[in-house]
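See below for the structure under consideration.
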Amino acid sequence: MKLLLVDDHPLVRAGVVAALQSLGAPELILEADDGVAAMDCLARHPDVDAVLLDLRMAGMAGMALLEQLKRHHPLLPSLVLSSSEDPADVRRVLKAGARGYCPKSASPATLLAALTLVLGGEIYVPPLMAMAPDAGPAEPSLDGLTPRQREVLQELCNGKSNKEIARELGMEEKTVKGHVSAIFKALGVVHRLQAVEAARAAGMVSQALSY
C-alpha cells in the first residue's frame, strides 16, 4: 500500500505515520503540507493507492483538494482525517467525493480499519453521524436487543466474523446475520466498524477493537 498523507502540521503527520506503521501498514507513506504539494506529489507518484488529508490547512485546504482529486484523479480514494467532529463537515466532504471521514480523536486501529474500508471500495462514516440530529436516535441504545444479540455484539467487538461468531455461540450463520442486522438498526449504523465504535463509545462493551 502506498499512501499520501496531507496535513500542514509536521507533528501531526509524524504521529499519523508512526501510528499506522506500528500497525503494520501502509508500506510507504508520502507526505505533503497542502493541496498544491499533494497534487505535485501525485503527478510524481501515479501509483498512490489512497489520499489521507486534513480538512483545514494553510494553502490549498481540504475541500479544494477534494475538488482537484475529483477532477484529475476520480478513481483515487480519499479519506479525510480532521479534528472537527461536526456532522455537517462529514456530509460536506462525502458530497465532495471523499470516501470517508475519520476524526483525529479516533484510535490508530480505527483509522487503519477506516482506511482499509475505503481502499476496498466502501465508504466509512464515523459513529458521530449516528448521534446527529437528522440521523435517528440521539444516542446508541441496546434497549431493543435480546441478551443473545448483546453476546453477538461483544463478539463483533472481538473482531470475529459471522462464521466465527456462529461457531463460538453455537448457532447458524444466518441467525448471526439476523442478529447483526438488529444490532445495526439499534445503534443507527450501517457496518460493523461503526457498530463496534458506537458500542465502545457508549461503554456497552469491554473488549478492544481487534480489526
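The values are calculated or read from the model by the stated rules, or taken from the named source; none is laboratory data. Predicted model, so just to flag it, every value in this text is computed and none were measured. Note that we place each Cβ from the backbone using ideal geometry, even for glycine, and neighbour counts take in every protein chain shown. The protein model used for the area step is the full one, side chains on, heavy atoms only, and it has no ligands, DNA or RNA in it. Shrake-Rupley method; radii C 1.70, N 1.55, O 1.52, S 1.80 Å.
Side notes on the structure shown:
- Values of log10 I(q)/I(0) for the range 28-68 across q = 0.15, 0.32, 0.35 Å⁻¹ run -0.30, -1.26, -1.39, by the Debye formula with one identical scatterer at each alpha carbon and no solvent.
- Taking every protein chain into account, the accessible area of the range 17-112 amounts to 46 square angstrom per residue (probe 1.4 Å).
- Cross-link pairs beyond the 28 Å C-alpha cut-off, checked among K2/K104; K104/K160; K104/K174: K104/K174
- Segment E172-T116, length gained on full extension (0.36 nm per residue, minus Cα span): 17.4 nm
- Separation of the range 1-68 from the range 102-123 is 14 Å, based on Cα centroids.
- Percent carbon-and-sulfur accessible area, the range 1-43, ignoring ligands, DNA and RNA, probe 1.4 Å: 58
- Once both labels are positioned 7 Å from their Cα atoms along Cα-to-Cβ, the gap between N158 and D49 label points is 2.9 nm.
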